[in-house]
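The values are calculated or read from the model by the stated rules, or taken from the named source; none is laboratory data. Given the structure is predicted, the values throughout are model-derived calculations rather than measurements. A quick note on method: Cβ atoms are made from the backbone with ideal geometry, for glycine too, and the neighbour counts reach across all protein chains shown. When the accessible area is computed, the model is the full protein with side chains, heavy atoms only, and any ligands, DNA or RNA have been set aside. Shrake-Rupley method; radii C 1.70, N 1.55, O 1.52, S 1.80 Å.
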Amino acid sequence: MSKLKDSANQLKTIFALASAPGKAGVAVVRVSGPDVRHVYNSITKHSTLPKERVMVNRSILHPSTKQLIDNALLVYFQQPRSFTAQDTLELHLHGGNAVVGATLKALASINGCRPAERGEFARRAFESHKLDLTQVEGLRDLVDAETEEQRKLALRQSSGAIRQQYDDMRIDIIHCLSIVEAVIDFGEDEQIEEGVLNEATEKVQKLITKIEKHLDDGRRGEILTSGIKLAIYGPPNAGKSTLLNHLARREAAIVSHLPGTTRDVIQVNLNLGGFPVIVSDTAGVRSTAHEIEQLGVERAIQVANQSDITLVVLDLPELLSSGELGVDLSNLSHQSIVLLNKVDMLTEPLSQTQSDDLKKLLHPLHKVFIGSVKHSFALQDFLDNLTNDIKTQFDFGVGEMPIITDARHRYHLNECLGFLKAFIDTPSDAPVEAAEELRYAALALGRVTGRVDVEDVLDALFAGFCIGK
Ligand SMILES: Nc1nc2c(ncn2[C@@H]2O[C@H](COP(=O)(O)OP(=O)(O)OP(=O)(O)O)[C@@H](O)[C@H]2O)c(=O)[nH]1
Ligand SMILES: [Mg+2]
């Protein structure tokens with residue numbers, strides 16, 4: 001998509017279906033641009049636009065044949081008080097495919113009017129400074145949000161909390177830059193107070209600490225936006241797929257008494273306590289001569305290593321008789337939760353010696369639960385604990401600082417940090433170089449909100465939008 005200002009075509013009035021396609025009670029078509037008044041005159045019998053933000057009932061007519069298309073409700077938003085900051089008209093039609101189709105066709109026949117491209121309404125909002133990039137991303141995430149926690153996070157971002165935070169930091173950097181530039185300009189002048197550079201250094205030092213703390217967030221925001229990765233891992237026949245099916249409440253994976261049933265990774269998306277979780281059932285880990293099974297085992301290890309949480313399922317009776325885990329847990333990069341399954345098969349309760357032996361076998365950091373997936377025995381406790389763990393790890397307090405929700409923000413923040421550190425390392429007799437570092441730092445931060453040089457990120461960002469948003 002080329003830049004809005006550069007092309008007359010981009011300045012045309014655009015229209016699109018803003019609600020989901022298909023049959024519905026109501027379908028909303030959005031029209032925005034300089035010719036909204038002309039559009040209104042062409043598709044209704046009225047010459048004067050209705051009062052802004054007041055819904056009116058109008059007959060929608062074909063512009064040339066004057067054939068009635070629908071009786072609809074219309075809302076007019078006068079520029080700049082609209083989403084795009086341009087004149088905007090919303091047509092609330094009866095949500096049938098033919099009604100929508102005929103309306104879009106009628107709009108396309110009006111001179112100066114064309115169908116909107118993907119994300120073009122949001123792009124116009126950005127171009128007219130109604131939204132910054134973090135808000136545009138927040139809006140995209142809000143539309144994509146599948147769970148309550150994702151919704152809250154996206155809403156916070158779309159309302160401008162992140163924009164404010166980065167703008168404040170950027171203002172701080174620019175303030176420091178102005179100090180350094182004053183030193184460059186009047187350096188030899190007596191009027192510049194001694195220690196004025198120290199003020200900039202102290203401020204930059206504080207910013208470095210703030211950004212470092214901000215970056216050290218365990219990538220919680222990014223994980224929450226994309227979904228928490230949870231792997232079910234363990235030796236064959238332990239009950240991993242049975243657990244997946246229990247979590248998914250459907251037969252997502254084949255379960256059988258034969259060890260080595262699951263070969264590939266099977267993924268199911270879940271909503272656990274409002275958090276989006278992508279659960280992966282994996283092949284049972286064992287050494288095998290079977291080529292395909294071996295590939296499955298390699299994938300299982302890879303998935304477990306790349307996940308945010310690992311649920312290890314072990315066969316308790318098997319564990320007690322063999323005295324071996326059957327799977328290497330030491331290579332997992334994070335803490336895991338262990339379920340000792342098939343407790344129903346024990347003929348006697350665990351003895352103290354058996355409990356002690358198990359503790360020795362399992363890493364002291366692992367949380368261990370005993371139960372039966374098949375018979376839903378002691379499983380709720382295990383699942384409640386899992387949900388609580390997720391909450392502790394990924395919940396954000398109301399007053400907490402807005403967090404990083406996009407890898408793009410992290411990249412530019414790291415860049416900014418590098419320049420601020422370089423500023424600190426620049427000798428005090430080289431203020432020109434020091435100022436340059438601050439200029440780059442401000443530029444890096446500006447890229448997060450889109451204040452500078454953002455063309456490269458725009459296309460990728462707006463391509464993630466649906467038409468009509
Ligand atoms: N008695 C008992 N059997 C169970 C329990 N959970 C699972 N099973 C049985 O154990 C067998 C293996 O279950 P799966 O879920 O296929 O095991 P898996 O870990 O996915 O096995 P692989 O895919 O081969 O790695 C099946 O016959 C299940 O019915 C349990 O709590 N108690
Ligand atoms: Mg399986």
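Worth a mention:
- From its DSSP helices (H runs of at least four residues, each -39,500 (n - 2.57)), the chain gives a residue-normalised ellipticity at 222 nm of -14000 deg cm²/dmol.
- Note that the range 226-394 presents 51 Å² accessible area per residue, ligands and nucleic acids not counted, probe 1.4 Å.
- Distance violations [Cα-Cα > 29 Å] among K51/K152; K240/K367; K51/K130; K240/K360; K152/K203; K229/K374: K51/K152; K152/K203
- Within the accessible area of the chain (1.4 Å probe), percent carbon and sulfur: 52
- Anisotropy class of the range 226-394 from Cα gyration tensor, a/c 1.5 cut: rounded
- For the range 308-396, a/c is not less than 1.5, where a ≥ b ≥ c are the root eigenvalues of the C-alpha gyration tensor, and a/b does not top b/c. That puts it in the oblate class.
- Solvent-accessible surface of the range 30-123, taken per residue with a 1.4 Å probe and all protein chains present: 46 Å².
- Computed log₁₀ I(q)/I(0) - Debye formula, equal Cα scatterers, no solvent, the chain, q 0.09 Å⁻¹: -0.84
- Inter-centroid distance (Cα atoms) of the range 224-287 relative to the range 105-126, Å: 44
- Radius 11 Å from Cβ of R58, net charge of other residues (Lys, Arg +1; Asp, Glu -1): 0
- Between N41 and A289, the FRET efficiency estimated from the beta carbon spacing at R0 = 60 angstrom works out to 0.15.
- Note on K210: lysines with a C-alpha under 20 Å away, same-chain residues under 8 apart excluded, are K421.
- Summed side-chain charge close to T134 - residues other than T134 whose Cβ falls under 14 Å, Lys, Arg +1, Asp, Glu -1: +2
- Other residues whose C-beta falls under 10 angstrom from the C-beta of P317 contribute a net charge of -2, scoring Lys and Arg +1 and Asp and Glu -1.
- Gain in span if fully extended, D344 to R114, counting 0.36 nm per residue against the direct Cα distance: 76.1 nm
- Tensor-based shape of the range 269-322 (alpha-carbon gyration tensor, a/c under 1.5 rounded, otherwise prolate or oblate): oblate
- If R0 equals 60 Å, the separation of the Cβ atoms of H94 and I171 corresponds to a calculated FRET efficiency of about 0.75.
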